[in-house]
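Just so it is clear, none of the values below were taken in a lab; they were calculated from the coordinates. Treat the numbers as computed from the prediction; the structure is a model and nothing was measured. Quick reminder, even Gly has a Cβ in these numbers, built from the backbone with ideal geometry, and neighbours come from all protein chains shown.
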Amino acid sequence: MDPIYYFTEAVKKYADFKGRATRKEFWIFSLIYTVIYVLFGVLDALVGTMVIQFIFGLVMSVPCVSVTTRRLHDTGRSGWWQLLFILPLIPVVGLFALVMLGVADVLNLVVFACVAWMGACIVLLVFLAQASQGDNRYGPKPQTE
């Protein structure tokens with residue numbers, strides 16, 4: 001199928017948090033999203049603003065969460081695993097506050113932030129994992145080409 005098909009299907013299913021998404025569907029959507037996001041960033045830089053990129057990111061946030069949830073469902077995991085991307089922010093924000101107060105230095109912040117984002121790498125590995133075999137509690141195995 002055409003790569004644009006996977007992107008438009010994910011956007012059409014923007015509020016569908018049930019079912020499953022194949023690796024191909026997820027990664028093609030992510031690739032096209034990233035290309036468009038970068039192009040809007042370049043356009044914004046040429047214009048001297050960041051409004052277009054921000055609006056695109058805001059509008060696409062629900063479809064991104066939706067397709068990610070369906071991808072996690074395909075691996076037999078709950079969509080709540082996406083929170084691993086948010087969890088590292090909590091201690092990083094706290095350490096940033098300590099840096100601003102002068103209690104910690106910037107090097108500690110950088111090292112801690114790098115270590116904290118390791119949790120997000122776990123989710124990335126899940127996305128790369130082989131799809132679960134056959135049907136699972138999130139629905140039947142998606143049809144592949």
- Query: What is the helix-to-structure angle for 118-128, meaning the angle in degrees between its Cα long axis and the longest Cα principal axis of the chain, kept from 0 to 90 and rounded to the nearest 10?
  - Reply: 20 degrees
- Task: Could you work out how far apart the two model spin labels at M50 and V110 are, taking each label as a point 7 Å from the Cα in the direction of the beta carbon, and quote it in nm?
- Result: 2.0 nm
- Dipole of the chain, positive direction: furthest Cα of L89, V123, V99, with charges on the beta-carbon: V123
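Are there any trypsin sites (Lys or Arg not before Pro) in the stretch 65-145 that are in a DSSP loop and have at most 11 other Cβ atoms within 10 Å? List them by number.
R137
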- Item | Cα-based helix-to-principal-axis angle, 23-47 vs the chain, degrees rounded to 10 | 50 degrees
- Message: Compute a Gaussian network model of the chain, connecting alpha carbons closer than 10 Å, and tell me which residue from I28, I90, I52 fluctuates the most.
- Response: I90
- Task: Mind checking which of L46, G57, T68 is farthest towards the positive end of the stretch 8-145's charge dipole, using Cβ charges of +1 (Lys, Arg) and -1 (Asp, Glu) about the Cα centre?
- Result: T68
- Task: Give me the distance between the Cα centres of the stretch 1-63 and the stretch 106-129, rounded to whole Å.
- Result: 23 Å
- Gain upon complete extension [M1, M100; 0.36 nm per residue less C-alpha separation]: 30.5 nm
- Query: Which value does Rg/Rh take for the stretch 19-73 over its C-alpha atoms, Rh per Kirkwood?
  - Reply: 1.09
- Item | Assigned charges on the beta-carbon of Lys, Arg, Asp, Glu; the stretch 3-128 dipole about Cα centre (debye) | 520 debye
- Contact order normalised by residue count of the stretch 3-128, Cα under 8 Å, 6+ apart, percent: 27 percent
